[in-house]
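The structure appears right after this line, and notes come after that.
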Amino acid sequence: MRAFNFSPGPAALPEAVLEQARAEMLDYQGRGLSVMEMSHRSAEFMAIAETAEADLRALLDIGDDHHVLFLHGGASMQFAAVPMNLCAAGDVVDYIHTGSWGTKAIAEARRLANVHIAASSEAENFTRVPSPTEWRLTAGAAYCHITANETIGGVQFHDFPATGAPLVADMSSDLLSRPLDMGRFGLVYAGAQKNLGPAGLGVVVVRKDLVGRARTQTPRVLDYAIQAEHGSMFNTPPTFPWYIAGLVFRWAREQGGVLAMQRAVERKAAKLYTAIDESDFYHSPVRIADRSLMNVPFTLAEPRLDGAFLAGAEARRILNIRGHRSVGGMRASLYNAVSEKAVDALVAYMGDFEAERG
Ligand code: PMP
């Protein structure tokens, strides 16, 4: 039996995708070899790559004015690639600081640009998204960066304000969980290993007019213009994660696309937050309006019971709900591949644990 996997990432993948990958593992469509064993320039892989891109474009309604790139290096590489490609040394770039992934993005950008923190919820321990009326954006900034969903803190942007400068969003943990108006974004990036596929792949969606201005010392593998020109194959791309991501995109389309994903995650999150809010034993630290639908951190009234809670969960095959080591407590991640049944199992367990030990 498959476990109920609430991992923050690498995270659960749709069972149908794993089944298909298993069926095709040794012999991809009668070719007598695995996708892992074929050239990225083969007709078979080129078709896989093109279909994956077309499906992602269809899912997110990405038009011809944006490039879609499939790159190595996960999201952290984009923390550096974004300033290298979108601004000159010394240019001012605005960052909205809502949690620990933002902290990392800011630290990397500081090595490469003049970072201005236009808004921050650090003083409130990152429990909310500062409202756009509080943002102090810089006129003439090269871009404005947000972390759309803070995977550790469980704080999510539910609206994207218009910014003068191109809006850049780290959507590592919420891409494909909802429809997006791509026209609002200059660039969106994500590590694949939460909602898109296995680790080893990063996806970048970037407006074409922002590409082609990388500073001269930018390594060529990080230069969006060069990668776009080569169809993300300037060097050997992460072929197997790209293939699996393609299967995930196809699966998401078959489920009804991102609107269906959004409805499902809203249902799952509502069940879990209701269980938390209706109890005095469990607590969510995040302001209700800014709570993440993807990552739900919560604490127990008695932190000394954390170990027993985790052990009891594991006995019911409820896995990976320990909070990040930097914040403690619990966290359940509700990505697209996490079923409502898994959430029901977690909520039932929480009720039983509270009744016994609370
Ligand atoms: N941004 C966010 C929001 C994340 O959740 C993560 C990974 N947990 C990262 C960036 C870093 O991703 P990677 O490990 O792919 O570099």
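The values are calculated or read from the model by the stated rules, or taken from the named source; none is laboratory data. Since the structure is predicted, the reported quantities are computational estimates derived from the model, not experimental observations. Every residue, glycine as well, gets a Cβ built from its backbone with ideal geometry; the counts of neighbours run over all protein chains shown. Keep in mind that these areas ignore ligands, DNA and RNA; they rest on the heavy atoms of the full protein, side chains included. Shrake-Rupley method; radii C 1.70, N 1.55, O 1.52, S 1.80 Å.
Quick notes on this structure:
- Environment charge at residue 295 (Cβ cut-off 10 Å; Lys +1, Arg +1, Asp -1, Glu -1): +1
- Of the residues 180, 144, 29, the one whose Cα sits farthest toward the positive end of the charge dipole of the range 16-255, with +1 on the Cβ of Lys and Arg and -1 on the Cβ of Asp and Glu, is 144.
- In this label model, residue 107 and residue 308 are separated by 3.7 nm, measuring between points 7 Å along each Cα→Cβ vector.
- On full extension, the segment bounded by residue 279 and residue 160 gains 39.6 nm, given 0.36 nm per residue less the C-alpha separation.
- For the range 18-170, the alpha carbon convex hull comes to 155 Å³ per residue, rounded to a whole number.
- By the combined test of axial Cα extent (at least 24 Å) and Kyte-Doolittle hydropathy (mean at least 0.5), the qualifying DSSP H helices of the chain come to 43-60.
- Each residue of the range 290-301 was assigned a 3J(HN,Hα) from its phi angle through the Karplus expression (A = 6.51, B = -1.76, C = 1.60, θ = phi - 60°), giving 10, 5, 6, 7, 9, 10, 10, x, 8, 10, 9, 4 Hz with x at Gly and Pro.
- Å² per residue, accessible surface of the range 257-357 at 1.4 Å: 47 Å²
- Cβ-based charge dipole, the range 1-67, positive-most Cα from 56, 3, 67: 3
- Full extension of the chain between residue 76 and residue 260 gives 63.3 nm of extra length, using 0.36 nm per residue less the Cα-Cα distance.
- Percent accessible area from carbon and sulfur atoms, the chain, protein chains only, probe 1.4 Å: 51 percent
- For the range 297-337 versus the range 83-150, the gap between their alpha-carbon centres in whole angstrom: 30 Å
- Around the Cα centre of the chain, unit charges on the Cβ atoms of Lys, Arg, Asp and Glu (plus for the first two, minus for the last two) sum to a dipole of about 460 debye.
- For residue 47 and residue 122, the FRET efficiency from 1/(1 + (r/R0)^6), where r spans their Cβ atoms and R0 equals 35 Å, is about 0.15.
- Net charge, residue 351 excluded, C-beta distance under 15 Å - Lys, Arg +1, Asp, Glu -1: -4
- Here the spin labels are modelled as points 7 Å beyond Cα on the Cα-Cβ line, and at residue 340 and residue 352 they lie 2.2 nm apart.
- Solvent-accessible surface of the range 16-255, taken per residue with a 1.4 Å probe and all protein chains present: 40 Å².
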